[in-house]
Amino acid sequence: MSSSSSSASDRTQAMDAVNDTAVREPVRTTSGGSVPAAGSGTGSGRQAKLRVQRVDPLSVLKLAFLLSVAAGIAGVVLIAVLWMILNGMGVFSSINEMVLGLLPQGKEFDLMDYVGFSRVLSLSIVIAFINILLLTALATLAAFLYNICAGLVGGVRQTLTDD
């Protein structure tokens, strides 16, 4: 048991040594200059200056699809809950009575033919599906456009600090 725990601590110390060495070496840029080594600053935390030069469009597609599906499900649930709250408060029946008061005698009108629960929920599902397709396509297109623009101007520069 002691040999496995000592080998695990040896691996951890070796990884810490590799990480410390890798962080302190200067980073070469494509323009031939070098960026100061991370951790060489006078501040209390380490800094790393990075540049996002390319975004993988396939990973953007996957992430955008999953996030838009989550937003679509949340939107459908929100519409269902909102409809139930409005129906419970009697909003639809009072609107129906008001419209019947404006119509001439003998005319039939039922608001639930137009804004019934099943109709509203079906429409919200269709809108959520269209939003999933549009958001996924637009995010993927934005990734391609970012890659083109980053090729021209060099990408987005970020400074990460370790506090």
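Readers should treat all values here as calculations from the given coordinates under stated rules, not as data from a laboratory. Model, not experiment: these values are computed from the prediction. With ideal geometry, Cβ positions are generated from the backbone for all residues, glycine too; neighbour counts draw on all protein chains shown.
In the range 49-84, which trypsin sites (Lys or Arg not before Pro) are in a loop and have at most 12 other Cβ atoms within 10 Å, using DSSP for the loop call?
Of the trypsin sites (Lys or Arg not before Pro), the ones in loops of the range 49-84 whose Cβ has at most 12 other Cβ atoms within 10 Å are R54.
Kirkwood-based Rg over Rh for the range 48-97 (C-alpha set), two decimals?
My calculation of the ratio gives 1.43.
Mind giving me the nanometre distance, one decimal, between the label points for D163 and L63, set 7 Å out from Cα along Cα→Cβ?
Computed distance between label sites D163 and L63 equals 2.3 nm.
Fewest first, what order do Y114, Y146 take by the number of other Cβ atoms within 10 Å?
Placing the least packed residue first, the sequence is Y114, Y146.
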